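Below is one structure; the comments refer to it alone.
The values are calculated or read from the model by the stated rules, or taken from the named source; none is laboratory data. Because the structure is predicted, anything quoted here is derived from the model rather than measured. For neighbour counting, all protein chains shown are included, and Cβ atoms are generated from backbone atoms with ideal geometry for every residue, glycine included. Please note that ligands, DNA and RNA were not included when accessible areas were found on the heavy atoms of the full protein model with its side chains. Shrake-Rupley method; radii C 1.70, N 1.55, O 1.52, S 1.80 Å.
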Amino acid sequence: MKKKLLALIASVLTVAMIIPAAACNRSSGNTEENTALFYQEADYSDRNGQKREWNNVSSYFCNYGVFQEEMLKYDVAILSENIGAEGLQKLQDAGVWTVCYISFGEDNPLRTGDGMGPGGFSSYYLYDDEDKPIPNGDWGSYYTDPGSPAWREFLYNEIQRIVDMGFDGIFIDTVDSVDRFPETFNDMCDLIRSVDEKWPDIKMVLNRGFTVVPTVYESLDGVMFELFSTAYDLTTFRYDMLAEDSAQFAYNRQWGVSIVNAVRQKKYFPVFGLEYYPIDGAETIKQAIYNLDWEFDFIPYLTMNGRILDGPMAPYDLRPTSERGVRALSLRDPIEGVEMNGDTSEANLAYSSNGGIVSVDSSFTGYSSGALNDGYVANAENFETIGFQWANWASAETVLDHWAQIETSNEVQATKLIIDWAWDNGVVYSSKEVYVEAYIDGAWVRVGEATDIPAETPRSEIALTVSSPTDLYRVVQTAGDGPNSRPNLMWISELSLYAD
């Protein structure tokens, strides 16, 4: 696993999800109504100075520069304070939603702040072994501690200032810092929730942040999917369509899409696709980018000047011509050359296409909880093609209880849970024992168990006795009851849930 982890980091696919043991995702609104919003018709009619309903917006732009007349045509504006008071007022008068940039996981410039940190810097930075603030070398910023009272006070003051200026909301950047520092995950989620509690009326749009989205989605009003369809081409030194054989393509389609479009079935909100492409690029490519984003129900926008976010505006009449949302609920693309060998029938309530949503207490770096209900059971024939990070889910390797939760599309009295244990390089990694709980009347109730599981057992079937219908079930491994060779790891390929 160590060699695989290094390869993953090299491929920019490092993901570490740690969800609090008390986390319990609940439904927000009617799932059928939310699903219908994925296919709604675009509305480009004149707003007459009135904002469109937030969940019905059809266009947006992202530009951190000064005011431009073209901005007035769009439904949503993601901006910086460079827009100025006069430009902001013009946008508000035109009925444009205005969302202002703010960074939660990094700070720039390096500040002395309260002076309570090593070297006289602020106490809210993350420090290395030499007591120096840890920099993000790509951008010249410094990583912050989302649990620091000093950092929270700083952010709260900034948010209040943004609100007082007249912006409708905040665009939250750099929460992906939790991928590099997974120990900050819980504090980052708590920080996002605290902002929602303090300013319940503002719009909160997250830049990517797929690691935290499953935990905080109920606090969000939108997500930006930056670089969904485009990427920087190192051979041409220009942005272009994302290559389908790239690591980023696999990450976007098999991780990012799965997360945002799964949670949006519970609470719908807009997803804004931010793409980079040169202004002199081919018009057919520009159209193809817009169409692809739209098919996943992502509202597209091209910067038109590479990664420069304060340059010329894309023309408002550049719009998708494809059908909205036609690929949105597929969650992840089928893996070419590999047949689904799990139970994808309607009887399997856990399967993603049947509305099952999985969440976990944690994930080993690079592994995805989406593997638990994707229809693929890892084995010798498919493991290499699928890729280790998608074939199985593995928990963090910590001396704690681990769990994997299934949320069904409707409340049911489940009668059976099947666990296909992880297969990795010829070895099956079954836990020694697990138990199953159902969330009934506000509490977790044990409804089944499997004890004394023989080593390398491929599959465990657990009979369930459930007293009343519920939509939440989870399988729990007590600390240290993992596979013999990795007792602090919970390692599963697929979960299936049934109700007779």
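Both the radius of gyration and Dmax for segment 157-294 are 16.6, 47 Å, in that order, over alpha-carbon atoms. Centroid-to-centroid, using Cα positions, segment 280-320 and segment 406-471 are 45 Å apart. If both residues of a DSSP beta bridge must be in segment 171-322, then about 25% of such bridges are antiparallel.
For Ala378, the amide hydrogen comes within under 5 Å of the amide hydrogens of Trp423, counting only partners 5 or more places away or on other chains and with H modelled in the peptide plane. Among the DSSP helices (H) of the chain, none spans at least 15 angstrom by Cα along its long axis with an average Kyte-Doolittle hydropathy of 1.0 or more; this is a geometric and hydropathy rule only. In order along segment 308-317, phi translates into HN-Hα couplings of 7, 9, 10, x, x, 7, 5, x, 4, 7 Hz, rounded to whole numbers, per the Karplus curve 6.51 cos²θ - 1.76 cosθ + 1.60 with θ = phi - 60° and x for Gly and Pro.
The listed peptides 98-104, 232-238, 135-141, ordered by packing as a protection proxy, come out as 98-104, 135-141, 232-238 (highest mean of other Cβ atoms within 10 Å first).
Under the definition of Cα pairs under 8 Å and six or more residues apart, what whole-number percent is the relative contact order of the chain? Before the final figure, lay out each step's value.
Values: 1106 pairs, mean separation 65.7, N = 500.
Reported relative contact order: 13 percent.
Tell me, what is the FRET efficiency for Ala479 and Trp444 to the nearest 0.05, using R0 = 22 angstrom and their Cβ-Cβ distance as r? Walk me through the numbers before you get to the answer.
Details: r = 17 Å, r/R0 = 0.75.
In this case the efficiency is close to 0.85.
Simple point charges give the picture: +1 on the Cβ of Lys and Arg, -1 on the Cβ of Asp and Glu, and for segment 367-500 a dipole about the Cα centre of about 140 debye.
Once you reduce segment 80-128 and segment 183-238 to the center of their Cα atoms, the two points are 16 Å from each other. Proximity of backbone amide H atoms, modeled 1.01 Å from N, is registered between Glu106 and Thr144 at under 5 Å, excluding neighbours fewer than 5 places apart on the same chain. Going by accessible surface with a 1.4 Å probe and the largest first, Lys90, Lys203 read Lys90, Lys203.
Report, to the nearest whole %, how much of the accessible area of the chain belongs to carbon and sulfur atoms, 1.4 Å probe, protein only. The C+S portion of the solvent-accessible surface of the chain is 49 percent. Relative intensity of segment 214-295 on a log10 scale, I(q)/I(0) at q = 0.11, 0.12, 0.24 Å⁻¹, equals -0.33, -0.39, -1.18, per a Debye sum over C-alpha point scatterers of equal strength in the absence of solvent. Across all directions, the shadow cast by the convex hull of segment 258-336 built on its C-alpha atoms averages 6.3 square nanometres.
Sort 418-427, 41-50 by packing, meaning the average of other beta carbons within 10 Å per residue, with the highest value first.
Working: 418-427: 18.7, 41-50: 10.6.
Highest to lowest by the protection proxy: 418-427, 41-50.
Determine, for each peptide in 452-458, 411-417, the mean count of other beta carbons within 10 angstrom over its residues, then list the peptides with the highest first. All intermediate terms of the calculation are to be shown ahead of the outcome.
Values: 452-458: 12.3, 411-417: 17.7.
Taking the mean over residues of other Cβ atoms within 10 Å, the ranking is 411-417, 452-458.
Proximity of backbone amide H atoms, modeled 1.01 Å from N, is registered between Gly222 and Met204, Leu206 at under 5 Å, excluding neighbours fewer than 5 places apart on the same chain. The residues of the chain expose, per residue, 41 Å² of accessible area to a 1.4 Å probe.
Anything over 31 Å Cα to Cα? Flag those among Lys73/Lys286; Lys132/Lys203; Lys267/Lys416; Lys132/Lys266, in the order listed. The partial results should precede the final answer.
Working: Lys73/Lys286 19 Å; Lys132/Lys203 35 Å; Lys267/Lys416 28 Å; Lys132/Lys266 42 Å.
Result: Lys132/Lys203; Lys132/Lys266 exceed 31 Å.
Just to be sure I understand: of the beta bridges DSSP finds with both ends in the chain, what percent are antiparallel, rounded to 5? Could the numbers behind the result be given before it?
Values: 50 of 79 bridges.
The antiparallel proportion sits near 65 percent.
Once the mean 1/r over all distinct Cα pairs of the chain is inverted, what Kirkwood radius in angstroms do you read off?
This gives a value of 23.8 Å.
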